[in-house]
Every structure is written in C-alpha cells, then in structure tokens.
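A.B. asks: Below is one structure. I have some questions about it.
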Amino acid sequence: MISEMVSKGNPNSISDAGVGALALRACIKGAFLNVKINASELNDKDFVKDVIARGEVLESKAEDAEQEILKKINEKIST
C-alpha cells in the first residue's frame with residue numbers, strides 16, 4: 001500500500017510514493033471517464049445510475065487517499 005511506503009519505507013523515496021498516489025488517482029479518474037462515456041449509451045437507466053453512483057464513491061475515495069498520502073509526505077519533507 002502506498003501509505004505504508006510513506007510510513008515505513010525508505011525516507012529518500014517517499015516522493016516516489018507521492019507520484020504513485022498521483023498516478024493511481026489519475027488511473028481511477030480515467031477509468032471512470034470511460035465508464036461514464038460508455039454508460040451514456042445504455043438504455044437501462046437504473047443500472048447506469050447505480051454504476052455512476054458507485055464510480056463517484058470510488059473516485060472520491062481515491063481523491064481522499066491521495067490527499068492523505070500527500071499530506072503525510074509533505075509533513076515528513078518539512079520536518
């Protein structure tokens with residue numbers, strides 16, 4: 001897990017963990033964009049609504065995790 005790299009890993013490589021967190025969030029956001037564009041073509045609107053809602057939760061969790069990881073990194077770098 002990326003946050004463990006920040007907490008337990010080599011202090012000189014925590015910036016790499018930050019880049020990993022940024023890349024992971026970008027991958028999740030990109031995948032969700034693909035889901036949204038493809039879901040717009042579907043007729044089952046209840047299914048689409050459910051999939052989009054679940055995607056929004058995952059996207060939000062990814063953003064929160066990224067911010068927490070970056071916060072930990074910045075705290076370690078500034079001390």
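The values are calculated or read from the model by the stated rules, or taken from the named source; none is laboratory data. Owing to the predicted nature of the structure, the values given are computational and were not obtained by experimental measurement. Virtual Cβ from ideal backbone geometry, glycine too; neighbours counted across all protein chains shown. Surface areas here come from the heavy atoms of the whole protein model, side chains and all, with no ligands, DNA or RNA. Shrake-Rupley method; radii C 1.70, N 1.55, O 1.52, S 1.80 Å.
A.B. asks: For region 1-10, give me each residue that is open to solvent by 60 Å² or more (accessible area, probe 1.4 Å) and without any contact (Cβ under 8 Å) to a residue 12 or more places away in the chain.
C.D. replies: The initial filter retains those residues of region 1-10 that are open to solvent by 60 Å² or more (accessible area, probe 1.4 Å), namely 1, 4-5, 7-8, 10.
Result: Met1, Glu4, Lys8, Asn10.
A.B. asks: Among the residues that make up region 36-53, is at least one of them open to solvent by 70 Å² or more (accessible area, probe 1.4 Å), among the hydrophobic types (A, V, I, L, M, F, W, C) and closer than 24 Å to Ile14 by Cα?
C.D. replies: Within region 36-53 (the criterion being open to solvent by 70 Å² or more (accessible area, probe 1.4 Å), among the hydrophobic types (A, V, I, L, M, F, W, C) and closer than 24 Å to Ile14 by Cα), the answer is no, since none of the residues qualifies.
A.B. asks: Let me ask something else about it. Looking at Ser13, Ser78, Ser60, which is the one that is open to solvent by less than 70 Å² (accessible area, probe 1.4 Å), of a type in the set (S, T, N, Q) and modelled with pLDDT under 95? Even if it seems obvious, please write down each step before you answer.
C.D. replies: Working: Ser78 fails: open to solvent by less than 70 Å² (accessible area, probe 1.4 Å); Ser60 fails: modelled with pLDDT under 95.
Within the list Ser13, Ser78, Ser60, the selection yields Ser13.
A.B. asks: Look through Leu24, Leu42 and report the one residue that is of a type in the set (A, V, I, L, M, F, W, C) and either part of a helix (DSSP H, G or I) or within 20 Å of the chain's Cα centre (by Cα) (or both).
C.D. replies: Working: Leu42 fails: either part of a helix (DSSP H, G or I) or within 20 Å of the chain's Cα centre (by Cα) (or both).
Being of a type in the set (A, V, I, L, M, F, W, C) and either part of a helix (DSSP H, G or I) or within 20 Å of the chain's Cα centre (by Cα) (or both) holds for just one of Leu24, Leu42, which is Leu24.
A.B. asks: On to the next question. Kindly provide the set of residues from region 11-26 that are in contact (Cβ under 8 Å) with a residue 24 or more places away in the chain and closer than 13 Å to Lys76 by Cα, ordered by number. Write out each step before concluding.
C.D. replies: Taking region 11-26 and keeping what is in contact (Cβ under 8 Å) with a residue 24 or more places away in the chain, we get 11, 14-15, 17-18, 21-22, 24-25.
Matches in region 11-26: Pro11, Ile14, Ser15, Ala17, Gly18.
A.B. asks: Kindly evaluate Glu66 against the criterion of being within 22 Å of Ser7 (Cβ to Cβ), free of Cβ contacts under 8 Å to residues at least 60 places away in the same chain and surrounded by 12 or more Cβ atoms within 10 Å (Cβ to Cβ).
C.D. replies: Details: within 22 Å of Ser7 (Cβ to Cβ): yes; free of Cβ contacts under 8 Å to residues at least 60 places away in the same chain: yes; surrounded by 12 or more Cβ atoms within 10 Å (Cβ to Cβ): yes.
Answer is yes for this residue.
A.B. asks: Can you pull out the residues in region 27-46 that are closer than 29 Å to Lys72 by Cβ and among the charged types (D, E, K, R)? Walk me through how you get there before you give the answer.
C.D. replies: Our first condition is that a residue be closer than 29 Å to Lys72 by Cβ; within region 27-46, this holds for 27-33.
Listed by number, the list holds a single entry, Lys29.
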